[in-house]
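S.K.: The structure is given below, and queries will be raised subsequently.
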Amino acid sequence: MKHMMICGTVILAVLAIACGDNQPEPNVDESSEGTAAALELVFVDSIGVELGDSNYVLGSIEASSHTLEGNILLLDRPACCVREYTIGGEFVRQYSRRGTGPGEVVNPLSMTRLTNGNIVILDMQTGGLHTFSPEGEWLGITADIVNEPILWISPAESNNYVGTHNTFDVMDEQLLVTAVVGKFASDSTEPTITYWENTFPFDFSDFTVLINESYFATVFTSDREGNVFLAQRDTEEYQITGFDVNGEIFVEFGLDIPMVEKSEQEIIEEAEFWNTRARNMGANGQLNYMPDPFRWKIHSMGIDDQHRLWVRRGTEDTPTLDVFDFDGNHLFTAEIPGITGYSGLLWEVHVDEEGILAWSLDPPDGYQKLYTMELADTVMVVEEQIQ
C-alpha cells in the first residue's frame, strides 16, 4: 500500500487529467525459515495538537522526510505546505502555501528532500515539481509535470529521485495507460533509468483497474547512493528486487508468508474509506474502488542509515516490518505493539537514514499527529518460523 495513503489524491489527479542480456546473475535468496530477533518500535515523541498554534494543527499527512540536519519534514496536503520541525518538535519554517502564485500549491501529491538538500513538492495543478532551498527559498518549477503525472517520489543520488510516471495514449480508439517506475533528474520528466513498465487498456468507468495496474501495482524505495528496491504489490508473493546506481539487478529475495484474506467488513470499510476520502478532496462522480479480497504481502519500504531495508508487511493488523541487509538476509522483525485490528492497517511508517516516523490515517485521538519512533532497548529473541 507505499503508499495507499494518497489514493484519494491520485484519483483526483487522474480525474483532472481525464476531464537484459550479458548481465551478471543476481544474488537470489528464497529462504523462508530461520531465527530472527523480534524487536519493538516505541513512541518517542509526537508533533500535532487538536487546537492552538496553527503551526502544530495538522490536516492530513501525505508524506514525511528529514532535512540534511536531521530535522523533520511533513507534507500537510489540506494546508498545501511542507512544515519543518526540529527532532524535539519545535516548528522551524514552512515551505509553500495554498495558492497559484510563485511557490504556492493547491493539490500537493508528494514531497521529499533531495540528496543535494533541496526540498521538492509535486503539484500538477500548479505546474509540476516546486523546488525549495533548505532555507525555504522557492527556486522555481524545475520540471513541468501537468498531463503526465509523476507520483510517489523517493530521493536517489545527487539531484535525482525515483518515482512513478503515467502516460496516456489513444490507439484504435482505446485509451492505453503506460505506467513506469523510473529514476528522474529533478529538472526532467523523462526517466534516465526504467525499473518497471506496464501498459494496459483503461476504461473510465472502472478506476479499480487503473489503481491496481498502476498506482498500487508496485512499491519501491531508494537510498542516496542510488540503490533502488522494488516489489510488486502482490497477494500471493513476497519478492523484492534490488537495483544498483546504474539500474543493474544485484539481488532478488523474498519470504514465504501466508496469504491473508480480508473480512467482508474490512473490504466494505476499505472501499468506503478511500472513496469518501477522494470525494472529500473534490473528486466528482462514483469512483467505485473495489479492494482485492486478499491483503497485499508488502505494504511499503524504507532504507535506514545502516544500509538495511525495512519492509512493512501488508498482511498484519499490527504494523510489522521485516528488516534485511542488502544481500537479502532477514535480520529481524520490528512491530508497533498495542495497535491491531482494522485501525492497524491505516498506520504509515516512514524509514530513512535519519530515523523512523509514523502516523495514522484514522487518528485514534481524532486529530492528526506525527510520531518519532525508535527500536526498544530491550530485545526479546524468539524463534520465528515464517511459513
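Each reported figure results from applying straightforward, stated rules to the coordinates on display, with no laboratory input. In this text, all values refer to a predicted model and were calculated from it rather than measured experimentally. Neighbour counts are summed over all protein chains in view; Cβ atoms, including those assigned to glycine, are modelled from backbone coordinates with ideal geometry.
S.K.: From the P(r) of the range 58-128, can you give the percent of Cα pairs sitting at distances over 14 Å?
M.R.: The calculated P(r) of the range 58-128 puts 54 percent of pairs beyond 14 Å.
S.K.: Work out, step by step, the length gained on full extension between R98 and T178: first 0.36 nm times the residue separation, then minus their alpha carbon distance; give nm to one decimal.
M.R.: 25.7 nm
S.K.: Using only the alpha carbons, work out the radius of gyration and Dmax of the range 189-251 in angstrom.
M.R.: 13.7, 42
S.K.: A further question on this structure: With a/c under 1.5 counting as rounded, go ahead and sort the range 92-231 into rounded, prolate or oblate using the C-alpha gyration tensor (a ≥ b ≥ c being the square roots of the eigenvalues; past the cut-off, prolate if a/b is larger than b/c, else oblate).
M.R.: Note, shape of the range 92-231 comes out oblate.
S.K.: Any chance you could run the full-extension gain for T194 through E225? It's 0.36 nm times the residue separation minus the Cα-Cα distance, nm to one decimal.
M.R.: Gain in length upon complete extension: 9.5 nm.
S.K.: In the range 153-179, which residues have a backbone nitrogen under 20 Å from the label point lying 7 Å from L68's Cα in the Cα-to-Cβ direction?
M.R.: Taking a point 7 Å out along Cα→Cβ of L68, the residues of the range 153-179 whose backbone N falls under 20 Å are 154-162.
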